Amino acid sequence: MTVGTTPLTQAALLTELEPVVARNLDRHLAIAKEWFPHEYVPWSAGRTFDGVLGGEAWTPQDSPIPDVARTALVVNLLTEDNLPSYHHEIATQFGRDGAWGTWVHRWTAEEGRHGTAIRDYLTVTRAVDPVALERARMEHMAAGYVNQHNDEVLHSLAYVSFQELATRISHRNTGKATGDPLCDQLLARIAADENLHMVFYRNLLAAAFELAPSQAMRAVADVVADFQMPGVGIDGFARKSVQIALAGIYDLRQHRDEVLVPVLRQWDVWNVTGLDGDGEAAREELATQLAELERSASRFEEKRAARHARQAARIS
Ligand SMILES: [Fe+2]
Ligand SMILES: [Fe+2]
């Protein structure tokens, strides 16, 4: 289909992309493997808690995992917990009918496993304080979540393409940081789901680049410019993200080099043709953003290295 200079409406974008959704849904269903959260949880390690059943209260000594891994696990779990808000956002944006609707519900069902599995694991192994966790969940979910670009289909697709990959990397590195092979195994399983989600959204936006290249480029540039992780509303998020970045679980370097760059390469953004004035301007903004991120990532790495050197000097 050739597209003139008139931008496609949101409704037209949804209609034009629906066959691509249908194809990618079939592909997803053919390759997604069924799995069971209960198999990943060492139930026999559990003990009854205090309170209603009069068991033993949680103490920090119960948790064998490093503090920073605990912080990352809580951030990742609270992020997964906020699924009702995400469902609301994508159901409103993509609709509940046809292939879009089937995808929205299937995606929600898959995401629903993640919070359940992580919570069961953390509760049974006493890896985190269950009272603090529940209070944080209440606060975070009660605040809700609103997508930064919630009326724009292509912006939403660009956001989730990056966000699913970011979540995959964060789960993967959190698993390693726990030093607990069973927790690592569970988070690796969840990360595999996030990867398939990323591929689904990335393929849709690739089709949008064919359909409406300038609108797609604008969406990508805008989303890269103000990207924030979905857990941004968590209490103390800024401080927690610094800890997570210092530990190398998710930092600017990974965000740029392992999330943005590979996805942009798949869309071949630097070679897209047929852009109008705004599309070209968006591509230039994107290049500027990546250059700025490169500088910020390098600065952060230098500061982190200096900090680690100071810590090492204090210890020796
Ligand atoms: Fe998830
Ligand atoms: Fe996901």
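The values are calculated or read from the model by the stated rules, or taken from the named source; none is laboratory data. As the structure is a computational prediction, the values presented were derived from the model and not from experiment. In this analysis, Cβ positions are derived from the backbone assuming ideal geometry, glycine residues included, and neighbour counts consider all displayed protein chains. Side chains included, ligands, DNA and RNA excluded: accessible areas come from the protein's heavy atoms. Shrake-Rupley method; radii C 1.70, N 1.55, O 1.52, S 1.80 Å.
Confirm whether Phe209 is under 15 Å from the mean Cα position of the chain (by Cα), closer than 28 Å to Gln10 by Cα and not hydroxyl-bearing (Ser, Thr, Tyr). Judged against the criteria, Phe209 is not a match.
Taken as a whole, region 289-301 holds at least one residue that is open to solvent by 70 Å² or more (accessible area, probe 1.4 Å) and under 18 Å from Val224 (Cα atoms).
When you check Phe209 against the structure, is it open to solvent by 40 Å² or more (accessible area, probe 1.4 Å), assigned to a helix (DSSP H, G or I) and among the aromatic types (Phe, Trp, Tyr), yes or no? Taking the combined requirement at face value, the residue does not satisfy it.
Pairs linking a residue in region 293-316 that is in contact (Cβ under 8 Å) with a residue 40 or more places away in the chain and outside any helix (DSSP H, G or I) to a residue that is surrounded by 10 or more Cβ atoms within 10 Å (Cβ to Cβ) and basic (Lys, Arg), with Cβ atoms under 8 Å and 6 or more positions apart or on different chains, do not occur. Condition check for Asp184 on (1) in contact with a helix residue (DSSP H, G or I) (Cβ under 7 Å, 6 or more places away or on another chain); (2) away from ligand 1 (no atom under 16 Å from the Cβ); (3) assigned to a helix (DSSP H, G or I); (4) in contact (Cβ under 8 Å) with a residue 24 or more places away in the chain: one failure, at (4).
Listed here are the residues, each with its yes/no results for (1) outside any helix (DSSP H, G or I); (2) surrounded by fewer than 15 Cβ atoms within 10 Å (Cβ to Cβ); (3) not basic (Lys, Arg).
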{"residue": "Pro7", "(1), (2), (3)": "yes, no, yes"}
{"residue": "Ala11", "(1), (2), (3)": "no, yes, yes"}
{"residue": "Leu14", "(1), (2), (3)": "no, no, yes"}
{"residue": "Leu17", "(1), (2), (3)": "no, no, yes"}
{"residue": "Leu25", "(1), (2), (3)": "no, no, yes"}
{"residue": "His28", "(1), (2), (3)": "no, no, yes"}
{"residue": "Gln61", "(1), (2), (3)": "no, yes, yes"}
{"residue": "Val68", "(1), (2), (3)": "no, no, yes"}
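Residue selection: Val261 satisfies the criterion of being under 19 Å from Leu290 (Cα atoms), surrounded by fewer than 18 Cβ atoms within 10 Å (Cβ to Cβ) and at pLDDT 95 or above. Could you check how many residues of region 203-233 are in contact with a Phe, Trp or Tyr (Cβ under 8 Å, 6 or more places away or on another chain) and away from ligand 1 (no atom under 16 Å from the Cβ)? Of the residues in that region, 10 qualify.
Could you identify the single residue in Thr79, Thr102 that is touching a residue at least 24 places away in the same chain (Cβ under 8 Å), open to solvent by 60 Å² or more (accessible area, probe 1.4 Å), under 21 Å from Glu194 (Cβ atoms) and in contact with a helix residue (DSSP H, G or I) (Cβ under 7 Å, 6 or more places away or on another chain)?
Thr102
Checked against (1) surrounded by 22 or more Cβ atoms within 10 Å (Cβ to Cβ); (2) touching a Phe, Trp or Tyr at 6+ places or on another chain (Cβ under 9 Å); (3) modelled with pLDDT of 95 or more, Gly175 passes all but a single condition, namely (2). Here the helices (runs of 4 or more DSSP H) wholly within region 81-170 that include at least 3 residues being farther than 30 Å from Trp267 by Cβ, touching a Cys at 6+ places or on another chain (Cβ under 9 Å) and more than 13 Å from ligand 1 (Cβ to nearest atom) are 98-125. For Gly279, the stated conditions hold: it is more than 18 Å from the chain's Cα centre (by Cα) and either in a helix (DSSP H, G or I) or under 27 Å from Tyr145 (Cα atoms) (or both).
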